[in-house]
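Below is one structure, written out as structure tokens; the observations come after it.
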Amino acid sequence: MFDWDDIRVFLATARAGTVRGAARRLGVTHATVSRRLHGLEDKLGAQLFERSAEGRVLSPVGHGIMPVAEQIEDRMAEIDRRAFAQDTRMAGPVRLSVSESFFQSILHPCLTAFQTRYPMIEIELTSTDRLSNLGKREADIVVRITNTPPESAYGRRIAASPLACYGSKSYLENRPRLDRWVALTHKAAFEPIVPARRVATANSGMAAARLIGNGHGIGLLPCYVGDADPDLHRVPDTALIPDLDIWILVHADIRSTPRVRALLDYIYASVEDSRDLIEGKRAGRRAN
């Protein structure tokens, strides 16, 4: 009979294209992946992968069993969700996925208060902008800034998140004739909104904020990042720019699980308390 771990290894290798890539995805050794793949091929009496210049590609047999392996993966994930949904204890792990900038600017006090109230609940925090797979319980709760939440998720829009243009006090007091622009690798914040030359590009809102705060130039940031940072000031004569919305998402199967529900309530309350900051309604600091 087949072992579920063998199927996981097969799927990870098919998706990564290499044994080493599969090992990284699964958090195991290269040797473990190779051993399980060989064991599965021995049980099936067939080769599942063929070597190519790009790595490992599925053989005809591998292609044939791939859809079935994915169905098994979905069923195993469903078993995991249903078992978790029946756990009524106010103890144990809850997986939370949130972007680094939103965690640092808004959520970290909420989690401190939550764990003071529920010391037996362990928060497994993932700081990422990638949308975690709720169906596979990569996360139980996802806080994401997007205009296209997945239709399969249960959740709600909790705030708009506009952008504003910021600079440091020293930069704005000695502002050059042609501004220096710190670009963020987000479409709405990449191109200058005033005449400027690009001097830096960052793929993180927190990194861009530090560059701007250190006087490298001006740039667009979410209001909850810029207005919360004492080193940043809004650039005069620039308006708020509508951007994305903030969503809190869970899988329908686990939305009523007590410890998930408790953390959701704390996050909702934290966002509501910070709504004016998030939506740019607090008067941003301006350099004199």
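The values are calculated or read from the model by the stated rules, or taken from the named source; none is laboratory data. Please read all numbers here as calculations on a predicted model, not as lab measurements. In this analysis, Cβ positions are derived from the backbone assuming ideal geometry, glycine residues included, and neighbour counts consider all displayed protein chains. All accessible areas refer to the heavy atoms of the entire protein, side chains included, with ligands and DNA or RNA removed. Shrake-Rupley method; radii C 1.70, N 1.55, O 1.52, S 1.80 Å.
Here are the numbers:
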read-out	value
Residue in region 81-88 that is open to solvent by less than 40 Å² (accessible area, probe 1.4 Å), more than 30 Å from A46 (Cα to Cα), modelled with pLDDT of 90 or more and not in a helix (DSSP H, G or I) present	no
The listed residue being assigned to a helix (DSSP H, G or I), touching a residue at least 60 places away in the same chain (Cβ under 8 Å) and not aliphatic (A, V, I, L, M), out of Q71, Q104, Q115	Q104
Only listed residue being more than 15 Å from S99 (Cα to Cα) and either touching a helix residue (DSSP H, G or I) at 6+ places or on another chain (Cβ under 8 Å) or not β-branched (V, I, T) (or both), chosen from R144, R177	R177
Count - residues of region 180-214 that are assigned to a loop (DSSP other than H, G, I, E, B) and either of a type in the set (S, T, N, Q) or surrounded by fewer than 16 Cβ atoms within 10 Å (Cβ to Cβ) (or both)	7
Members of region 38-67 that are among the acidic types (D, E) and open to solvent by less than 100 Å² (accessible area, probe 1.4 Å)	E41, E50
Residue selected from region 257-282 under the condition out of contact with any helix residue (DSSP H, G or I) (no Cβ under 7 Å at 6 or more places or on another chain) and within 17 Å of Q86 (Cα to Cα), by the criterion most open to solvent (accessible area, probe 1.4 Å)	R261
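Residues checked against (1) of a type in the set (G, A, S); (2) within 24 Å of I278 (Cβ to Cβ); (3) at pLDDT 95 or above:
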site: I145; (1), (2), (3): no, yes, no
site: P150; (1), (2), (3): no, yes, no
site: G155; (1), (2), (3): yes, yes, no
site: A159; (1), (2), (3): yes, yes, no
site: A164; (1), (2), (3): yes, yes, yes
site: R180; (1), (2), (3): no, no, yes
site: H186; (1), (2), (3): no, yes, no
